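Here's the structure, in structure tokens; my notes come after.
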Amino acid sequence: MPRRKSSRKRPEWTPGALLDWTHGPHWDYDRARPCRYCGDPTQLRDSDKKPAHKVCAEAALDQQAEDAAAAYYQQEDRR
């Protein structure tokens, strides 16, 4: 029986739906600090305890995924 081609597609990115920051360690009760991505004040912290808006962190992850995919496909085209 021949193998079927995978019909998997990259899921659509929806702002605000990638990361789950609902538990306490992602919130700094003491003060707001500048977001590491956009510079606006935020009391949210990423998993490294660095100030970051959730939407900014998701946008950065999406950009990293796009860059990795582009590098992968560029490498595949050279073969």
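The values are calculated or read from the model by the stated rules, or taken from the named source; none is laboratory data. All values reported here derive from a predicted model rather than from experimental measurement. Surface areas here come from the heavy atoms of the whole protein model, side chains and all, with no ligands, DNA or RNA. Shrake-Rupley method; radii C 1.70, N 1.55, O 1.52, S 1.80 Å.
One table, with the values for the structure above:
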read-out: Residues within region 1-55 that are at pLDDT 80 or above, in a loop (DSSP other than H, G, I, E, B) and not small (Gly, Ala, Ser), tallied; value: 20
read-out: Extreme residue, nearest to Asp20 (Cα to Cα), among residues of region 50-68 that are over 11 Å from the mean Cα position of the chain (by Cα) and open to solvent by less than 40 Å² (accessible area, probe 1.4 Å); value: Ala52
read-out: Scan of region 21-49 for residues that are open to solvent by less than 60 Å² (accessible area, probe 1.4 Å) and under 18 Å from the mean Cα position of the chain (by Cα), ordered by number; value: Trp21, His26, Cys35, Gly39, Thr42, Leu44, Arg45, Asp46
